[in-house]
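Here is the structure we will look at.
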Amino acid sequence: MRGDRALPPLDKDGQEEPPGNPVDQRDGNVVRDRTCQCPPQSRFQNFSMALNVTRNWTNQFAQPPWRVALWSVAYGSVLTVGLFGNLVVVWIIVAHRRMRTVTNYFLLNSAFCDAAMAAFNTLINFIYAAHGDWYFGEEYCKFHNFFPVAAVFASIYSMTAISVDRYMAIIHPLKPRLSATATKVVIVCIWFLAVVLAFPLCFYSTIRTLPRRTICYVAWPRPAEDSLMYHTIVSVLVYMLPLVVMGIAYTIIGVTLWGSEIPGDSSDNYHGQLRAKRKVEVQALVK
């Protein structure tokens, strides 16, 4: 009969259950199914959110294996040539007394700087770049940002000193040259200036532990202003000033070597003497 049909299920407040909400009838009691009936789009969005959370807990800065392999070849080549090549130069100058000239002392200092930079900087940079994580602690972070940079500065100033020494030897050959003691004093001054310029990097270097990795960086008190001021000073003193000095010195040397002909004198004897003079000056330039 029509009056005997089953009534729609009611919730605990006596309200009729909405259609489509599954029920479970147990022992005559109506129990609402609390299972979430999410559409396919909602389930996909939940899965995507879970996947993103999983990815966020991984190191996104770690490099793929193929890139690490290529970097290994590049960094290995730089380390081998930079370290052993410069150590050979150091050994030749130190082991042979006749090689201990003013120019070679500066060359020795430059080779030592380049070898130190290759030894203390190249391998650590490779590990840090490949894994995106700093494993070496705060003390080595300070050393890593300080010593290799100071070595680069000292190498640049050594090359500048070589250009000035060659200028004095060729343009003013009768003036007294630097003695061995004076050369060592100049090298000490070079290192002092390099250490002073690189010291802020050591003082402000620190490490920071993030949720997924540890980084080594320079924490300037005022990041924008201090970083700009420091790099401006370094650019002027370590790049522009040595570039100007070396450019002027070698330009004058080149003009003197190749343009020192007396007007109106074109005899073969003069040209022979001029070629011999240029040969001696070129030999002095490379010694």
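Does Thr232 satisfy being modelled with pLDDT of 95 or more and surrounded by fewer than 11 Cβ atoms within 10 Å (Cβ to Cβ)?
Criteria met by Thr232.
Out of the residues in segment 114-167 that are within 16 Å of the chain's Cα centre (by Cα) and of a type in the set (D, E, K, R), state the one that is farthest from Val245 (Cα to Cα).
Restricting to residues being within 16 Å of the chain's Cα centre (by Cα) and of a type in the set (D, E, K, R), the top hit is Asp133.
From the list Leu174, Leu107, Leu178, which one is outside any helix (DSSP H, G or I), on the phi < 0 side of the Ramachandran plot and surrounded by 18 or more Cβ atoms within 10 Å (Cβ to Cβ)?
On inspection, the qualifying residue turns out to be Leu178.
Go through segment 116-154 and give me each residue that's under 20 Å from Ser72 (Cα atoms), in contact (Cβ under 8 Å) with a residue 12 or more places away in the chain, assigned to a helix (DSSP H, G or I) and hydrophobic (A, V, I, L, M, F, W, C).
Listed by number, the residues that qualify are Ala116, Met117, Ala118, Ala119, Phe120, Leu123, Ile124, Phe126, Ala129, Ala130.
Which residue is farthest from Asn145 (Cα to Cα), if the candidates are limited to segment 204-229 and must be loosely packed, with under 13 Cβ neighbours inside 10 Å and within 18 Å of the chain's Cα centre (by Cα)?
Filtering first and then ranking leaves Leu228.
Failed condition for His172, given (1) closer than 20 Å to Thr251 by Cβ; (2) in contact (Cβ under 8 Å) with a residue 24 or more places away in the chain, with all others met?
For His172, the failing item is (2).
Restricting attention to segment 91-103, which residues are assigned to a helix (DSSP H, G or I) and touching a residue at least 40 places away in the same chain (Cβ under 8 Å)?
Scanning segment 91-103 gives Val102, Thr103.
Can you tell me which residue in segment 42-66 is nearest to Asp133 (Cα to Cα), limited to those that are modelled with pLDDT of 65 or more and surrounded by 12 or more Cβ atoms within 10 Å (Cβ to Cβ)?
Top of the filtered list is Ala62.
Could you please give the count of residues in segment 199-243 that are over 16 Å from Gly137 (Cβ atoms) and polar (S, T, N, Q)?
Total satisfying the criteria: 3.
Got at least one residue in segment 189-210 being over 15 Å from Val234 (Cα atoms), assigned to a helix (DSSP H, G or I) and among the basic types (Lys, Arg)?
Checking segment 189-210: not a single residue is over 15 Å from Val234 (Cα atoms), assigned to a helix (DSSP H, G or I) and among the basic types (Lys, Arg).
The values are calculated or read from the model by the stated rules, or taken from the named source; none is laboratory data. If you're wondering where the values come from, they're calculated on a predicted model, not measured in any experiment. A quick note on method: Cβ atoms are made from the backbone with ideal geometry, for glycine too, and the neighbour counts reach across all protein chains shown.
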